[in-house]
Amino acid sequence: GMAAGGAIAAETVAGLLGAFPWTDDGQTYQWIGQQSRRIYDGFRGQGGTTLVAALLKENRLSFWCVGDSDLFLLRENKLYGLNARQEFKNDLILRALDGAFPVEEAFQDPQAGALSEYIGKEEVTCDYTRMPFLLQPEDALLLCSDGLVVTATDEEMYEAVGRGDTPEESLEHLLELSKQRGAPDNVTAVLLYHE
């Protein structure tokens, strides 16, 4: 949804894939910082994209997230959010807890959902796994933009991912649900089943 977001997202994905295979997780983290600076320089801080990236190596998951896109794990009939959403609301909550204003106001602020981090900032902070963790057989991973999360409940996402259909059928169900409910933002999703 940001200025030139589609072009910036495409360039970021192409660059990330072009840098693969990564020799270590630190290399990816550094690349994300460098990419954000390149986008900042190219768009003068007026364009950007969010990022959710996952790497599965020897059944161990590493991830990198910037912004409000999400990474979910479906394991043993439960849906877990693995990353922290980088939204202004988090800063507001901390200020409220410090006594600046009532906590309820943090959730009602019209800017609460604004991005606090995105690819395209001069200096970006990336949420990432400090230590890769082992996936179990039958785990599923859902990587998605916030356009999906604001239109589908956790229960609906769990039901779609855990249906036992193919990833394509599960995603079709989720995307149709978002479309029917008039997603206020773009909807991008990738679903992976681990065997």
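The values are calculated or read from the model by the stated rules, or taken from the named source; none is laboratory data. Given the structure is predicted, the values throughout are model-derived calculations rather than measurements. Neighbour counts run over all protein chains shown; Cβ positions are idealised from the backbone, glycine included. Quick note on the areas: whole protein, heavy atoms, side chains included, nothing else; ligands and nucleic acids left out. Shrake-Rupley method; radii C 1.70, N 1.55, O 1.52, S 1.80 Å.
Here is how the numbers come out for the structure above:
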| read-out | value |
| --- | --- |
| For ASP41, solvent-accessible area (1.4 Å; no DNA, RNA or ligand), Å² | 90 Å² |
| Only Lys, Arg (+1) and Asp, Glu (-1) charged, at Cβ; the range 106-194 dipole about Cα centre in debye | 140 debye |
| Cα-based reach from LYS57 at 28 Å (exclusive), listing lysines while leaving out same-chain residues under 8 positions away | LYS78 |
| At least 15 Å along the helix axis (C-alpha) and Kyte average at least 1.0, DSSP helices within the chain | 5-18 |
| Relative contact order (%) - the range 69-174, alpha-carbon pairs under 8 angstrom, separation at least six | 33 percent |
| Convex hull volume per residue for the range 10-157, taking Cα atoms only, in Å³ | 141 Å³ |
| Qualifying trypsin sites (Lys or Arg not before Pro) for the range 121-195 [loop in DSSP, other Cβ within 10 Å: at most 10] | ARG130 |
| Leading residue at positive end of dipole, the chain (Cβ point charges), from CYS65, ASN186, ALA152 | CYS65 |
| Descending Cα extents along the principal axes, the range 27-70, whole Å | 40, 22, 8 |
| Accessible area of the chain belonging to carbon and sulfur atoms, whole % at 1.4 Å probe | 51 percent |
